Amino acid sequence: MAKLRVATTSLAGCFGCHMSLLDIDERFLQLIELVEFNRSPLTDIKHCDPCDIGLIEGGVCNAENVHVLREFRKNCKVLVALGACAVNGGLPAQRNHLDLHTILEEVYHTAPGLAAGSQIPDDPELPLLLNKVHPIHEVVKIDYFLPGCPPSGDAIWKFLTDLIAGRTPHLGHQLMHYD
Amino acid sequence: MSDDSQTGTFLLDDEEIPFTRGQTVIQAARAAGKYIPHLCWHPDFKAHGSCKLCTIKANGRLGAACTLEAQDGMAVENRTPELDDKRRTLLQLLFVEGNHFCPSCEKSGNCVLQATAYDLGMMTPHFDMFYPDRPVDASHPDMLLDFNRCILCELCVQASRDVDGKNVFALSGRGIQSHLIVNAESRRLADTDFSATDRAASICPVGVILKKRVGFAIPIGERTYDAAPISQVDIAKENT
Ligand code: SF4
Ligand code: SF4
Ligand code: FES
């Protein structure tokens, strides 16, 4: 059987979900018998080829996140929201009830202890922030959701092996966590 | 059952459940070790019938198991895919209407809403998030109110009024505007006679009414519903 092609990315996440993927430990050797990694922080490939599975960590907090998410949706047959932030915005979304400009002012300009002349960064290379952080299902269609902050290595393993074997992923009580 | 008989049986997902006259479907089911998902109902309080999570089909008609009295010979559907789908949708609506960031919630692992969502296999809130703005009330020396997680079950209202005799809480507003308020002119908990030993201080099924300075005493992963699913814990409680 040809290997399935898998792409992964971290949007507005902390890379915890990717670290958790590495927590499958020696099972990673089994995994790479079954899949090859395409665009991913693990390969440093910068753009998606057509893939079977896309794993998205993090919600969307800026314009670049939206572009990357759309690239994944365009290229991946099955798109998975991996972890709490992708599923419901998570910790970054806890800024959503605050005004964006007020936050930036406070962090970069008025907070005590900043270097003299500190300003809100405005380098044109920096992606523009969205007013609110959104979970990814508000932007593109998502096929599967794997909650958890992060989902445990065991949960990711169970989920991926189900998916790769063509079964509907099922976690069961032990592996189902929102925290 | 004849008119003067005090007991009877009904079928719950094809299993025979005994009941005594006046028992609701959920009371009889629970006494027989059968879990019917529920949020606003608590065995120690009068049924409130608002969350509809306990919706069952009795003789083909939808009803709330916490308010519907058991009747002899009734056929009740409970854990069918159709009803669990509806229940999951109700949960998803609750999750998007509030701010439920479980990883940073002290109630995580002990939370009835979360545990029920686990039991029903809710993998996603599905709908667009509301992200409402609901400031916390940390004014009280011993207790914290985080309104972001309120599911409007009114258990705190009942407990404070009927057990503590204090009337600290009330619901205000209608529909999507309804919200929990504190009965003080300032609307602050510190300006009430609320105490950490009140029944209302330990009744909240979610992470709204929290004791200060005991946070994370039991680590995440070792809490009530980490050990066993709510369908088992809820029944075990009945039998202790
Ligand atoms: S109240 Fe329950 S569902 Fe809401 S954030 Fe806390 S643990 Fe999660
Ligand atoms: S604060 Fe808790 S107990 Fe009170 S209505 Fe809200 S969810 Fe129910
Ligand atoms: S538990 Fe019956 S309506 Fe809420």
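The values are calculated or read from the model by the stated rules, or taken from the named source; none is laboratory data. Computed from a prediction, not measured in an experiment: that's the story for all the values here. In this analysis, Cβ positions are derived from the backbone assuming ideal geometry, glycine residues included, and neighbour counts consider all displayed protein chains. Protein only, heavy atoms only, side chains kept; ligands, DNA and RNA dropped before computing areas. Shrake-Rupley method; radii C 1.70, N 1.55, O 1.52, S 1.80 Å.
Output yes when any residue across the stretch A:153-161 is within 11 Å of chain B (Cβ to nearest Cβ) and out of contact with any strand residue (DSSP E or B) (no Cβ under 8 Å at 6 or more places or on another chain), and no when none is. Checked against the condition, which is being within 11 Å of chain B (Cβ to nearest Cβ) and out of contact with any strand residue (DSSP E or B) (no Cβ under 8 Å at 6 or more places or on another chain), the stretch A:153-161 yields no hits at all.
Of the residues screened, B:GLY207 is not one that is part of a loop (DSSP other than H, G, I, E, B) and either farther than 25 Å from B:HIS38 by Cβ or without any contact (Cβ under 8 Å) to a residue 24 or more places away in the chain (or both).
Could you tell me whether the stretch B:171-181 includes any residue that is in contact with a helix residue (DSSP H, G or I) (Cβ under 7 Å, 6 or more places away or on another chain) and either charged (D, E, K, R) or open to solvent by less than 20 Å² (accessible area, probe 1.4 Å) (or both)? Looking for residues that are in contact with a helix residue (DSSP H, G or I) (Cβ under 7 Å, 6 or more places away or on another chain) and either charged (D, E, K, R) or open to solvent by less than 20 Å² (accessible area, probe 1.4 Å) (or both), one finds at least one in the stretch B:171-181, hence yes.
In the set B:ILE220, B:ILE181, only one residue is away from ligand 3 (no atom under 16 Å from the Cβ) and at pLDDT 95 or above; that residue is B:ILE181. Residues in the stretch B:142-151 that are within 13 Å of ligand 1 (Cβ to nearest atom) and either of a type outside the set (S, T, N, Q) or part of a loop (DSSP other than H, G, I, E, B) (or both): B:LEU144, B:LEU145, B:ASP146, B:PHE147, B:ARG149, B:CYS150, B:ILE151.
Given the condition more than 29 Å from A:LYS132 (Cα to Cα), modelled with pLDDT of 95 or more and not polar (S, T, N, Q), answer yes or no: does some residue in the stretch B:93-102 qualify? No, because not a single residue in the stretch B:93-102 is more than 29 Å from A:LYS132 (Cα to Cα), modelled with pLDDT of 95 or more and not polar (S, T, N, Q). Number of residues in the stretch B:115-136 that are facing another protein chain (nearest Cβ under 8 Å), more than 19 Å from B:ARG187 (Cα to Cα) and in a loop (DSSP other than H, G, I, E, B): the value is 8. Screening the stretch A:76-102 for residues that are more than 14 Å from chain B (Cβ to nearest Cβ) and open to solvent by 40 Å² or more (accessible area, probe 1.4 Å) and picking the one that is nearest to A:PRO150 (Cα to Cα) gives A:LYS77. So which of B:SER195, B:SER178, B:SER202 is away from ligand 1 (no atom under 16 Å from the Cβ) and more than 30 Å from A:ASN131 (Cα to Cα)? Sole residue among the options that is away from ligand 1 (no atom under 16 Å from the Cβ) and more than 30 Å from A:ASN131 (Cα to Cα): B:SER195. Residues in the stretch B:61-81 that are away from ligand 3 (no atom under 12 Å from the Cβ) and in contact (Cβ under 8 Å) with a residue 12 or more places away in the chain: B:GLU69, B:ALA70, B:GLN71, B:ASP72, B:GLY73, B:MET74, B:ALA75, B:VAL76, B:GLU77, B:ASN78, B:ARG79, B:THR80. Candidates B:LEU39, B:LEU53: the one that is of a type in the set (A, V, I, L, M, F, W, C) and touching a His at 6+ places or on another chain (Cβ under 6 Å) is B:LEU53. Here is a check on your reading of the model: is B:ILE220 open to solvent by 20 Å² or more (accessible area, probe 1.4 Å) and either within 16 Å of ligand 1 (Cβ to nearest atom) or within 14 Å of another protein chain (Cβ to nearest Cβ) (or both)? Judged against the criteria, B:ILE220 is a match.
Determine whether B:VAL112 is more than 8 Å from chain A (Cβ to nearest Cβ), buried (at least 21 other Cβ atoms within 10 Å of the Cβ) and within 13 Å of ligand 2 (Cβ to nearest atom). Spelling it out, B:VAL112 is indeed more than 8 Å from chain A (Cβ to nearest Cβ), buried (at least 21 other Cβ atoms within 10 Å of the Cβ) and within 13 Å of ligand 2 (Cβ to nearest atom). Listed by first and then second residue, the pairs linking a residue in the stretch B:122-140 that is among the aromatic types (Phe, Trp, Tyr) to a residue that is in a loop (DSSP other than H, G, I, E, B), with Cβ atoms under 7 Å apart and 6 or more places separating them unless they lie on different chains, are B:TYR131/A:ASN96; B:TYR131/A:HIS97; B:TYR131/B:ASN99. Selection within the stretch B:63-105: residues that are in a helix (DSSP H, G or I) and away from chain A (no Cβ under 14 Å). The member of this set that is surrounded by the most Cβ atoms within 10 Å (Cβ to Cβ) is B:ARG87.
Against the condition touching a Leu at 6+ places or on another chain (Cβ under 8 Å) and more than 20 Å from A:ALA7 (Cβ to Cβ), how does A:LEU114 come out, does it pass? So A:LEU114 fails the test. Scanning the stretch A:8-54 for residues that are assigned to a strand (DSSP E or B) and over 14 Å from A:ILE164 (Cα atoms) yields A:THR8, A:THR9, A:SER10, A:ALA12, A:SER40, A:ILE45.
Among the candidates B:SER139, B:SER160, the residue that is assigned to a loop (DSSP other than H, G, I, E, B) and among the hydroxyl-bearing types (Ser, Thr, Tyr) is uniquely B:SER139. B:GLU154 meets the conditions (1) more than 14 Å from chain A (Cβ to nearest Cβ); (2) more than 27 Å from B:ILE230 (Cα to Cα); (3) open to solvent by 20 Å² or more (accessible area, probe 1.4 Å) in every case but one. The failed one is (2).
Out of curiosity, is B:ASP128 under 30 Å from B:ARG79 (Cα atoms), open to solvent by 20 Å² or more (accessible area, probe 1.4 Å) and away from ligand 1 (no atom under 16 Å from the Cβ)? Yes: the conditions hold for B:ASP128. Just checking, does the stretch B:171-178 include any residue being away from chain A (no Cβ under 14 Å), touching a residue at least 12 places away in the same chain (Cβ under 8 Å), farther than 30 Å from A:GLU138 by Cβ and among the polar types (S, T, N, Q)? Among the residues of the stretch B:171-178, not one is away from chain A (no Cβ under 14 Å), touching a residue at least 12 places away in the same chain (Cβ under 8 Å), farther than 30 Å from A:GLU138 by Cβ and among the polar types (S, T, N, Q), which makes the answer no.
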